[in-house]
1. Check Tyr399 against each of (1) open to solvent by less than 100 Å² (accessible area, probe 1.4 Å); (2) modelled with pLDDT of 85 or more and name the one condition it does not meet.
2. For the range 149-185, give me the residue count where each residue is assigned to a helix (DSSP H, G or I) and without any contact (Cβ under 8 Å) to a residue 40 or more places away in the chain.
3. Conditions: (1) in a loop (DSSP other than H, G, I, E, B); (2) modelled with pLDDT under 85. Trp418 meets all but one. Number of the miss?
4. When you scan the range 267-280, how many residues do you find that are in contact with a strand residue (DSSP E or B) (Cβ under 7 Å, 6 or more places away or on another chain) and of a type outside the set (A, V, I, L, M)?
5. Just for the range 334-361: of the residues that are more than 12 Å from Pro310 (Cβ to Cβ) and among the polar types (S, T, N, Q), which one is surrounded by the most Cβ atoms within 10 Å (Cβ to Cβ)?
6. What are the residues in the range 1-36 that are in contact with a Ser or Thr (Cβ under 9 Å, 6 or more places away or on another chain), of a type in the set (Asp, Glu) and not in a strand (DSSP E or B), if any?
7. Confirm whether Gly242 is part of a loop (DSSP other than H, G, I, E, B) and over 24 Å from Ala92 (Cβ atoms).
8. Identify the residue in the range 265-279 that is in contact with an Asp or Glu (Cβ under 6 Å, 6 or more places away or on another chain) and not basic (Lys, Arg) and, among all such residues, is surrounded by the most Cβ atoms within 10 Å (Cβ to Cβ).
Amino acid sequence: MKKTILVIDDDASLRRVLEFTLQDEGYDVITAASGEEGLERFAREKPAIVITDVRMPGIDGYQVLKSVKARSPSTVVIILTAFGVLEEAVEAMKQGAHDYLTKPFDRQTLKTAVGRALATSARRDRADSLSSAERKVKVLLGESPAVKRVLAVVERVADTEATVLITGESGTGKELVANRLHEMSSRRDGPFVAVNCAAIARELLESELFGHVKGAFTGAVRDKQGKFQTARGGTLFLDEIGELPYELQPKLLRALQERVVDPVGATQPVRLDVRLVAATNRDLESAVAEGTFRQDLFYRLSVIPIEMPPLRECREDIPLLARHFFALYGGSSVILADDAMEALCAYDWPGNVRELENTIERLVIVRNADRITAGDLPEKIRAGGQSSQGIVQLPPEGYPLEKLERDIVIQALERNNWNQTAAARFLSIPRHVLIYRMEKYGIIPPTKKSDL
């Protein structure tokens, strides 16, 4: 089904160019020569996207934006502004515009902006169609004292501009905290843009975060906005911030201190309007001591530190979370037997809430009956509840002590994502003792293995 786009501009020639360009892309396009006519056509046609000039006689673009959003909050609006008038764009974004284009712009820039707008509209449509149970998947749940402390801090700092650093093991819900900070802030109507710094190639990360201008490097055939710019008016969440290359850290520090970014190849900085939230499962203080993370950046990121507790320290939350995930994936038909719940509560959950959710989703999918018992659980979870047999299950034929120690060291490192400081703390030994054991048994971190 074709999407309908409404173009409002008092410049007849520009209006025709926009119409022809968008029609060539397969869109249905309706046009209006004034704000008054545009609002009339909007009421009749109900387009998915509105593209409107700011400066028009009579009803201007700001009034069009305000009226469209009042009638249909989900409609995406793109603003057209004159070259060099950044204040107009900023004001429009504050009032709810999705994006802006600065005149003059080329056809590809227009197509890209419309494509992003349609993607946003599709995400909103999917969100609107979710059931109440599906919506709850993004809710941070917990009644334990540790989780309540986190929620209390979030409530106090959400509606501020302070930078927040969320730490904790993988799977503890750091992105959920970032989402909650955004939703409870005055920026809630702006975008929430999440970037995994570990998932983007080093050579692409600078352009992805800060943007680039046409011709900045081979393959830069057009200007590109970075995530700092696409998140304007909202929140930028930098996950795995501990993986940010050292050479990019001064640029991030400048963005936080000066509220500007320098796109790759640009001669002028771009002003920012974004709240930054970062997260990591690494020990950044140890990284600072090791010289792999800048101390000044660490202090600038951790204005408000929030530490997410591992699930094994919040066992009283496991029944609440388990029932939530069973309702999410199985509805009211799935029943969890008492022995199954006891086993879930006794297991340590090294993957934390994410592991619990994935386990329950798998149980619901492969179940043979609607009543799930302890016998249906994976063996490692059943064994985790059998504390009378001890933490380590030794085979009848015996097991070499040195191999046992090596296995334990590897498991501790894997559980802590190969963070040596965290693994040493987990084993209750000094870090230099852990390093000695790693050298003794030839244990090499995955990143170093790949270099061999």
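1. (2)
2. So the count comes out to 7.
3. Tallying (1) in a loop (DSSP other than H, G, I, E, B); (2) modelled with pLDDT under 85, Trp418 fails exactly one: (2).
4. Within the range 267-280, residues that are in contact with a strand residue (DSSP E or B) (Cβ under 7 Å, 6 or more places away or on another chain) and of a type outside the set (A, V, I, L, M) number 4.
5. The extreme case among them is Thr359.
6. Correct list: Asp9, Asp10, Glu19.
7. no
8. Across the range 265-279, the extreme among qualifying residues is Ala279.
The values are calculated or read from the model by the stated rules, or taken from the named source; none is laboratory data. The model shown is predicted, which means the values in this text are computed figures rather than measured ones. Counting neighbours? That spans all protein chains shown, and the Cβs are built from the backbone with ideal geometry, glycine included. Accessible surface is based on the protein model in full, side chains and every heavy atom, while ligands, DNA and RNA are left aside. Shrake-Rupley method; radii C 1.70, N 1.55, O 1.52, S 1.80 Å.
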